[in-house]
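The structure under discussion appears below in the form of C-alpha cells.
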Amino acid sequence: MSSPAIASMYRYRVQRFWKEFDLIKQKQANLTVPDLTSLDQYHYLGTSAVDHAAKILNISDCSQVLDIGSGIGGTSRYLAWKYGCQVTGVELQEQLHQVGMKANEITQMTEQVQLMQGDFTDISNLPISDHSFDSWVSMNVFLHICDRTTLFQNCARVLKPEGRFYIEDYYAAQDLPESDRQALAEIIACPYLPSREQYLEDLEKAGFQNIEFVDMSALWQPWLQERYEKFEAKREYYLALFDVDMVNSYSHFYQTVVNLFSSGNVSGARIYGTN
C-alpha cells in the first residue's frame, strides 16, 4: 500500500485530533495519557483491547515492546503508562508521526516511548536491531499492507527467540464480492484481504508458532454500529467544529465499515503466538 493511498484515508485525523485536543486542554492544564485515550486509540474496543494484548504478551515493566503502525502513538503511550514498559512505535505516515511526537511531549512520555517514522516493509533505514524486542503488537494496521511475506519476515526478525506477537486485523470470512473489494480498497485503504487460512499460512512461513486465531466479529460488529450511531447523533456538534466535507467523510467511512462487517464477508480477528 502506497503512502498517498493511506494518507487519503487518514487525511482528516490530524485536524480532528487537534480540534478536540484543544477542547480538552481548555478544561485541564496538565494532561496525562488517560486524558487522550478518547482521541488516540484508532483500533476497536478502546484501551480494553490494549489491556488484552498486554495480558497475552505478558508485558511488564521489564518488557521491550514494538508497536507496528503506531499512528499517533496511542497504543504505545498507553502500554508504557500502564505497564511501565519501554515501547518503540513505527508509523508510515509522517503527519501522524509528528502528532504522536507532540502528544508524547504533552503527556511527558518521551523517555518511555520512542516513536519513529518509516515503512516497516523496509526496515533497513530504521534504527531497529534484530532480535531486540520481547514482543510486538499491531492494531488494525496490517490490512493496509499487501506484501505480507516481507512484513512478517521483518516482524520475525526483530523479535527475540520465544518472543510473543499480537495482531488485531481484518480477514475475509468468505469470497468477497467486487463491491466489497472496491469499498475496502477505496474507503478503508485495504487493497488485499487474506482468508483465515492464508493469514495463518503466511505467519507460519515466517517462522511463527503456537498461533491462536480468535474471531472478533461478535464483539466488533456492535461496537462499530454504536460508533456510527454516536457520530450521527452528534452530527450538529461536529458540523459546528469541522467543515461539512470532513463530517461527511467520517460518516461515510464509519457506515462503510458497518456494512462490510454486517455482510458477513469481512471479519475481524485477534491473532497471537510466539517466535
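The values are calculated or read from the model by the stated rules, or taken from the named source; none is laboratory data. Remember, predicted model here, so these are calculated numbers, not experimental data. Heads up, the Cβs are rebuilt from the backbone with ideal geometry, glycines too, and the neighbour counts pull from every protein chain shown.
Evaluate the following for I72: is it among the β-branched types (V, I, T), within 24 Å of V247 (Cα to Cα) and not in a helix (DSSP H, G or I)? So I72 fits the description; yes. If we scan region 82-91, do we find a residue that is in contact with a strand residue (DSSP E or B) (Cβ under 9 Å, 6 or more places away or on another chain), more than 25 Å from F17 (Cα to Cα) and at pLDDT below 95? Looking for residues that are in contact with a strand residue (DSSP E or B) (Cβ under 9 Å, 6 or more places away or on another chain), more than 25 Å from F17 (Cα to Cα) and at pLDDT below 95, one finds none in region 82-91, hence no.
For region 109-126, the candidate set comprises residues that are more than 18 Å from V158 (Cβ to Cβ) and without any contact (Cβ under 8 Å) to a residue 60 or more places away in the chain; within that set, the residue that is surrounded by the most Cβ atoms within 10 Å (Cβ to Cβ) is Q112.
Scanning region 19-54 for residues that are under 23 Å from S138 (Cα atoms), in contact with a helix residue (DSSP H, G or I) (Cβ under 7 Å, 6 or more places away or on another chain) and part of a helix (DSSP H, G or I) turns up V33, D35, L36, T37, L39, D40, T47, V50, A54. Considering only residues that are assigned to a loop (DSSP other than H, G, I, E, B) and touching an Asp or Glu at 6+ places or on another chain (Cβ under 9 Å), look in region 88-108 and name the one that is surrounded by the fewest Cβ atoms within 10 Å (Cβ to Cβ). Checked region 88-108; the qualifying residue surrounded by the fewest Cβ atoms within 10 Å (Cβ to Cβ) is T107.
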